[in-house]
1. VAL11: net charge of surrounding residues, Cβ under 12 Å, Lys/Arg +1, Asp/Glu -1, itself excluded?
2. Once you list every other residue whose beta carbon is under 12 Å from the beta carbon of ARG317, what net charge do they have if Lys and Arg are +1 and Asp and Glu are -1?
3. For the chain, what is the mean residue ellipticity at 222 nm derived from helices alone (per DSSP H run of n ≥ 4: -39500 (n - 2.57); sum divided by total residues; nearest 500 deg cm²/dmol)?
4. 5 Å is the cut-off here: which amide hydrogens, built 1.01 Å from N in the peptide plane, fall below it relative to LEU282, excluding neighbours closer than 5 in sequence?
5. Less than 12 Å Cβ to Cβ from ASP247, Lys/Arg counted +1 and Asp/Glu -1: what total charge do the surrounding residues give?
6. Counting only GluC sites (Glu not before Pro) that sit in a DSSP loop (anything but H, G, I, E, B) with at most 14 other Cβ atoms within 10 Å, what is the longest stretch of the chain containing none of them?
7. With angles folded into 0 to 90 degrees, how steeply does helix 330-349 sit against the dominant principal axis of the chain? Use alpha carbons for both and round to 10.
8. Which ³J(HN,Hα) values, rounded to whole Hz and listed in residue order, are derived for region 135-140 from phi using the Karplus coefficients 6.51, -1.76 and 1.60 in 6.51 cos²θ - 1.76 cosθ + 1.60 with θ = phi - 60°, glycine and proline given as x?
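No lab work stands behind these numbers, since they all come straight from the coordinates. Predicted model only: the values in this text are computed from it and were never measured. Every residue, glycine as well, gets a Cβ built from its backbone with ideal geometry; the counts of neighbours run over all protein chains shown.
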Amino acid sequence: MSTTERPRILVVGGGYVGLYAARRILKKMRYGEATVTVVDPRSYMTYQPFLPEAAAGSISPRHVVVPLRRVLPKAEVLTGRVTTIDQDRKVATVAPLVGEAYELPFDYLVIAMGAVSRTFPIPGLAEQGIGMKGIEESIGLRNHVLEQLDKADSTTDEDVRRKALTFVFVGGGFAGAETIGEVEDMARDAAKYYTNVKREDMRFILVDAADKILPEVGPKLGAYGKEHLESRGVEIYLSTSMDSCVDGHVVLKNGLEVDSSTIVWTAGVKPNPALARFGLPLGPRGHVDTSEKLQVQGTDYIWAAGDNAQVPDMVGRRAGNPNAWCPPNAQHALRQAKVLGDNVISGMRGFPQKEYSHANKGAVAGLGLHKGVAMIVMGKVKIKLKGRLAWYMHRGYHGMAMPTWNRKIRVFADWTLAVFLKREVVSLGAMETPREEFYEAAKPTPAPAAAKPEGEKAKAS
Ligand SMILES: Cc1cc2nc3c(=O)[nH]c(=O)nc-3n(C[C@H](O)[C@H](O)[C@H](O)COP(=O)(O)OP(=O)(O)OC[C@H]3O[C@@H](n4cnc5c(N)ncnc54)[C@H](O)[C@@H]3O)c2cc1C
């Protein structure tokens, strides 16, 4: 940590908002005007819209993340977690990966800690479930699903096989629908290489408490997405929820019971709960309350944006809805970050703040190779696309939205190679316990029982 006399702009979180805001500030800043410090427990930003494709093996997981130190060479990047903020002293407490927590003084503060999976106290969920918020989960899910096919292919126990081949996904928004679409597609592809596993042996189940899936693309395309997934054999249960999943025994409110080794939880997000310790004004659902200028209410040196902030949606408000808030998505996070960066610079120089206002540009979702839905908003016109064309839109949009040319090129290269070489369908589940085999080889072998002297043998007998 540097201890310069320059003012410090502390950016808490190096995700979408943190990365883009820090880049913007560094770009607009005069040489030596301030120190920009980014703190995040991970040393990389994750491009979350690509997590389902990483889970399906269409993109290498390393290409879905952006190394913070590499793209922010002029910033100070600290790997750790901000645990508290003392506003009176303008000091943050940072818990590094190892060692004692320390205090970090700041002059300006950016809160960009994003969201975490929104869960409920469902028996068995914490032990059996896996989320879809980070690259680690995406890699873990892919390895796990392929491992289930390996298990099912090589067991003679019908119950074990059925449980291994049943995949339950809870939550049918973007994350859930895209992940089940991609993973089903991968499993279907992978099944071609197994002797005893066919797609018909697998059960893919999608559960949602709402009466539709993919609400982000509107009711018509959502209905198409549902029909499409059903045509691929995905069972979709709407207006129901999961009551329990103890030991993988899934019980739904509608009465369905199945045993499953794979329970993927994608039922929405909630603002980072660590915010509660920061003493900032929070909205009813735990978001940091900001003005339309992205300043935290009642402050002139703290800004917040993205999934952890409740930002007024000025387009909706001007259209007559006084309670319109920006939804938590990348479209807003990215644009808010740029305005936020400009406002931090203006705040530092004593200039007026800019308002954040953005009209929804639509949404794109991939549901597996060559399948997707897209809604493009152009003024008052909404263009709805489905199938292959929508999938190209999805790939084109996200491929170009991926931060840095280095990452864009890697992602497009992955897609191009897959056209000729087909996707990899190997499970590297042992990656999670890389030392196991070495431990077995290196552990001390117990000394053989010492042979007793001849005389003692005779006595004993
Ligand atoms: C599977 C999936 C698919 C998605 N698909 C789409 C899509 O197609 N289109 C779309 O618009 N949006 C999509 N989204 C949503 C989009 O990714 C988010 O809205 C966006 O990432 C929000 O950006 P953010 O900066 O607020 O949070 P994040 O990008 O999540 O960044 C938050 C950062 O804060 C860090 N952090 C957490 N706690 C601390 C702490 N205590 N101290 C310091 N740092 C901390 C985290 O490590 C993380 O790096 C998707 C999300 C998911 C999960």
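1. Values: positive: ARG8, ARG23, ARG24; negative: ASP40, GLU76.
My count for the surroundings of VAL11 gives +1.
2. On the way: positive: ARG318; negative: GLU292, ASP313, GLU355.
That sum, taken over residues with Cβ under 12 Å, equals -2.
3. Details: 14 runs with 154 residues, N = 461.
Theoretical 222 nm ellipticity from helices: -10000 deg cm²/dmol.
4. Placed amide hydrogens put ASP289 under 5 Å from LEU282.
5. Working: positive: LYS163; negative: GLU127, ASP259.
Net local charge, ASP247 excluded: -1.
6. Working: sites that count: GLU5, GLU100, GLU355.
My reading of the result: 101-354 is the longest stretch.
7. On a 0 to 90 degree scale, this one is about 40.
8. These are the phi-based 3J(HN,Hα) values: 5, 5, 5, 5, 5, x Hz.
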